[in-house]
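Only one structure is covered here, and it is reproduced in the block below.
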Amino acid sequence: LTFGGETALLGQWCDRFGIPPRTCIPTEDASCLRDILNEVAGACLSDHFARLAPDYPVFPFFIPGDQRGRILRDVLRHLAGAPPTNGGRAVLKALGLLNNGMVDPLGSPYAVEILDALDNAPSPKILRRSQLISEGAGRGYFAPDRIRLEPEWTMAILGSLLHAGEIALIIGGDRYTGDRLSELAALPADDLIAFEAVERLPGWNRHALHTLCAHFGLPGKSALDLARGAADPARKLFSAAAELRRRMNAAAETAGEGILFWGEPLLGRDRTRQNQADLEAALDFLDALTRNPEPGAVREFVSDADRMSGLSRGAAVLAEVEELTDLIHKLCDLVGFMSAAEAMLPSDHPWTSAVLEARRILRREMADPKQRRRPDFAREVRDGLAERRDAFIDLYIAAHDAAEAAPSQTSCRSLKRDDLRHSPLCPHCRFKLWET
């Protein structure tokens, strides 16, 4: 093999470039010999190619020219939902089209360059093939002076942008958008690389759409599907929006009373008004979101990030209201006992004074998110209230037993301690402490 005026045996070139030996026998296996020659040739010409196309992507293995069309269709089939092939995934990775294993073209410098060219084009933001693929050296390339990217890999990038809802493609006089990826992947490779034009679709707020999906518990890829106008994620989103509206309506009714706890509003008047306003804004957002049930309408609806702020604030209020409501529900049996027991003792009784102080501290802690979100908060509160309840039961049984011994008092001999676990009144004689 001769290169740069120097001639050496193939094995010597392999040793020089650190190309490992093969288990196959090159003299008997033509494909083995071809692979070795390709590796040596690539090593010899690497500096030349680096000067010719410094920004060309680095692929993990050699891809013969006659295999590029097949791998391109593998890429498009994967974008349409099929499992990835090794070759297709390697191409996506080399082109910078993957982000944490998911297709995301906006992390690719090659995809961004194409979008920049489209954004700088005059309205209606359409580029003909000849404006992206420059013919020369026997075939066309994208950015031949820097990237020199083959049409197959350029089409792989365009397919990912189509998948992301960023562009539409004109091929054979037909217009393809993201919801037609399966049809696109079925086209012959020669038809694909002979595309006629690329159309920039109206911009969409990626962050807002991802935030919207997160609010409704939809997978991250649903944002891309919604941007493409896919029907299934839109159906799931509208269903989740209806459920969220139901929860927010219930929360608005609870929040309107200030979230009652122990007979009084837990939150102040100003905070209650703000919570109501935030929930109403979120409900207005949901009403507007679901007013047009067409899948493609979601993308246009969230094009303005400001429209998301109402939902975000309302979701925060909803979380707080549901959190407090759940906590109150866990304490309602003990609080109900305390309220009934308070009515049976004078306001200046030591037990009553202790309960009033405990209630004041508890209300303050419940209104503080940091306090009530402590892992053991609910258990500690229940234990504290249970101690107060048991102290009252001790008082009640002592008074009940004393009344039993006094002929002038109305009492009975049937009372057991367990009878007072849920009500501060003897179920047999209805003995009341104030009668003593």
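The values are calculated or read from the model by the stated rules, or taken from the named source; none is laboratory data. Bear in mind the structure is a predicted one, so any value in this text is a computation, not a measurement. In this analysis, Cβ positions are derived from the backbone assuming ideal geometry, glycine residues included, and neighbour counts consider all displayed protein chains. For the accessible areas, the whole protein counts, side chains as well, though only heavy atoms, and no ligand, DNA or RNA atoms are used. Shrake-Rupley method; radii C 1.70, N 1.55, O 1.52, S 1.80 Å.
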* **Top of P265, P54, P350 by mean-square fluctuation, Gaussian network on the chain, Cα under 10 Å** => P350
* Evaluate the Debye formula for the range 128-177 with equal point scatterers sitting on the alpha carbons, no solvent, and hand back log10 of I(q)/I(0) at q = 0.21, 0.25, 0.32 Å⁻¹, in q order, two decimals. => -0.78, -0.98, -1.19
* To do: Give me the net charge of Q131's neighbourhood, meaning all other residues with Cβ under 14 Å from the Cβ of Q131; Lys, Arg count +1, Asp, Glu -1.
  => -2
* To do: Identify, among V355, T290, A319, the residue whose Cα sits farthest towards the positive end of the charge dipole of the range 221-359, taking +1 on the Cβ of Lys and Arg and -1 on the Cβ of Asp and Glu, with the dipole about the Cα centre.
  => T290
* Asked: Taking the chain, how many lysine pairs are there with alpha carbons less than 26 Å apart, if each pair must be eight or more places apart or span two chains?
  -> 5
* Find out how many positive minus negative residues lie around Q276, taking Lys and Arg as positive, Asp and Glu as negative, among other residues whose Cβ is under 13 Å from that of Q276. => -3
* **Farthest toward positive dipole pole in the range 1-151 [+1 Lys/Arg, -1 Asp/Glu at C-beta], among L33, P144, F17** => P144
* Cβ-Cβ FRET estimate between A121 and D55, R0 fixed at 22 Å, reported to 0.05 -> 0.55
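Given charges of +1 on the Cβ of Lys and Arg and -1 on the Cβ of Asp and Glu, with all other atoms neutral, how large is the dipole of the chain about its Cα centre, in debye to the nearest 20?
Rounded to the nearest 20 debye, it is 440 debye.
Please compute the alpha carbon radius of gyration of the range 122-208, then divide it by the globular-protein estimate 2.2 N^0.38 Å. Two decimals is fine. Before the final figure, lay out each step's value.
On the way: Rg = 13.2 Å, N = 87, 2.2 N^0.38 = 12.0 Å.
So the Cα radius of gyration is 1.10 times the expected 2.2 N^0.38 Å.
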* Structure fact -> In the list [x] 125, 54, 32; [y] 70, 46, 37; [z] 71, 55, 55, the entry giving Cα extents along the principal axes in Å computed from the coordinates is [x]
* Just how much of E387 is accessible, in Å², when a 1.4 Å probe is used and the result is rounded to the nearest 10? -> 130
* Starting at 0 and stepping by 10 Å, how many percent of the alpha carbon pairs of the range 326-392 end up in each bin? -> 19, 55, 23, 3
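Arranged from highest to lowest average of other beta-carbon atoms within 10 Å per residue, in what order do the peptides 420-426, 14-20 appear?
Averaged packing, sorted descending, gives the order 420-426, 14-20.
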* With charges set only on the Cβ (+1 for Lys and Arg, -1 for Asp and Glu), what does the dipole of the range 307-436 come to about its Cα centre, in debye to the nearest 20? -> 480
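With r defined as the distance between the Cβ atoms of D326 and H349 and R0 fixed at 30 Å, what FRET efficiency is calculated, to the nearest 0.05?
Working: r = 32 Å, r/R0 = 1.07.
Step by step, r from the Cβ atoms, then E = 0.40.
Only Lys, Arg, Asp and Glu count, each charged at its Cβ (+1, +1, -1, -1), so figure out the dipole size of the range 6-160 about its Cα centre, rounded to 20 debye. Each step should come with its number before you reach the end.
On the way: 16 positive and 18 negative charges, 91 e Å.
Result for the range 6-160 is approximately 440 debye, rounded to the nearest 20.
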* Structure fact -> Rounded to the nearest 10, the angle in degrees between the Cα long axis of helix 206-215 and the longest principal axis of the Cα atoms of the chain comes to 40
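So what's the net charge close to G258: Lys and Arg +1, Asp and Glu -1, counting the other residues with Cβ under 10 Å from its Cβ? If you can, show how the numbers build up before the last one.
Working: positive: R269, R271, R273; negative: E257, E264.
Cβ neighbours under 10 Å give a net charge of +1.
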* To do: Could you check which residue among L76, L385, L92 shows the biggest mean-square fluctuation in a GNM of the chain with a 10 Å Cα cutoff?
  => L385
* Asked: Based on the Cβ-Cβ distance from A402 to A378, what FRET efficiency comes out when R0 is 45 Å, to the nearest 0.05?
  -> 0.80
* What 222 nm value per residue comes from the helices of the chain, counting each DSSP H run with n ≥ 4 as -39,500 (n - 2.57) and dividing by all residues, nearest 500 deg cm²/dmol? -> -18000 deg cm²/dmol
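Need one number: the % of Cα-Cα pairs in the range 233-389 sitting beyond the 28 Å mark.
Values: 4500 of 12246 pairs.
For the range 233-389, the fraction of Cα-Cα distances above 28 Å is 37 percent.
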* To do: Give the ranking of S182, S123 by solvent-accessible surface, highest area first, calculated with a 1.4 Å probe.
  => S123, S182
